[in-house]
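Quick notes on the structure that follows.
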Amino acid sequence: MEISTIYKYRDWTNPQHVDILNSKRIYLPSPEELNDPFDCRIPISLDLLDTDTKILKYLNNYIIQNLRYLQEKNYNINTYTQSLVDTFKSKKPEMIKYYSELYEKRGNLHFGIFCASMIWDSIQMWSYYSKNHTGFCIGFNPQRLFPYIPNFRAMKVIYRKDFPQVNPLATYSPNTESKEFIDNCFKMSHTKAIGWKSEKEYRIFSNKFPTGYKKNERLIVIDSKCFKNILVGLNFPEKELPKMIELAANLKIPLFKISRIPNKFKFGKTRIF
């Protein structure tokens, strides 16, 4: 089912958060900038490489991905490949650790993640991401956002108790449209611990391979049509409302105020612009 609106909870006292509305720019952080240390760090299941054939195939795929660099450094590809195979077999635990860390470093360079929620009325997220209900929440049209995000994949986040198994032979693939390759990418980029389930996250994931992201490239200018609405928190300062109304007017989108629903642990919303 197509998601019509996704929500980003923000802090009104943070100028960078307000800049989203002023400058119509979103930021795509790398995995190391996210608040979950496991985010986009689902390890490849390298222990599945339990035969010489599988090891060779995996390392061949790795070499293909790095062929230009190896050629520029005048490596003998056949000799280097055999050396990798021998080292992997004789020092498998160390090699698994090495390739896992290598994937993390590559992810920090190449990946950009726009994290949002499918819900606007989360008590916890208003508390945590919007400075104890004093902030605001932006509704985006995800379909309008997609064209601005390079090489993106978008989906609901999957919540699990344990890491999923990631087939190492499908993580390097010349056919990036194959179902197994796409499934593996989603497992690593869209799986989080079950404790985050209440956030109902919807994630737009960008992979800028092979060049990687430069710092200034993570700020993405978008069109005003990407914005659908703004909601201000239960404790949003009254004196700041005129500024928010002006921002909503500039974007030509509605503005809502969060309110309590009597006798329930639930929020409602009232349109104020």
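Students often get this wrong, so try it: which of (1) 26, 22, 20; (2) 43, 32, 16; (3) 43, 20, 14 is semi-axes √(5λ) of the Cα gyration tensor in Å as calculated from the structure shown?
Given (1) 26, 22, 20; (2) 43, 32, 16; (3) 43, 20, 14, the calculated one carries the label (3).
What order, most packed first, do the peptides 67-78, 159-170 have when packing is the mean number of other Cβ atoms within 10 Å of each residue?
159-170, 67-78
I'd like the distance between the alpha-carbon centres of region 226-273 and region 3-67, rounded to an integer number of Å.
Centre-to-centre (Cα) distance: 31 Å.
Return the long-range amide H neighbours of residue 228 (sequence gap of 5 or more, or a different chain), with a cut-off of under 5 Å between placed amide H atoms.
Result for residue 228 returns 139, 140, 141.
Considering just Cα atoms, how many Å³ per residue does the convex hull of region 198-273 enclose?
152
How much net charge surrounds residue 225 when only the other residues with a Cβ under 14 Å from the Cβ of residue 225 are counted, with Lys and Arg +1 and Asp and Glu -1?
Within the 14 Å Cβ shell, the charges total +3.
Among 34-42, 83-91, 104-112, how do they line up from the highest to the lowest mean number of other beta-carbon atoms within 10 Å?
104-112, 34-42, 83-91
Give me the tail of P(r) for region 133-265 as a percent: Cα-Cα pairs with distance above 26 Å.
Of all Cα-Cα pairs in region 133-265, 45 percent lie more than 26 Å apart.
Among DSSP bridges having both ends in region 137-273, what percentage is antiparallel? Round to the nearest 5.
70
No value in this document is a laboratory result; all are computed from the given coordinates. Here the structure is a predicted model, which is why all the values come from computation and not from measurement. Counting neighbours? That spans all protein chains shown, and the Cβs are built from the backbone with ideal geometry, glycine included.
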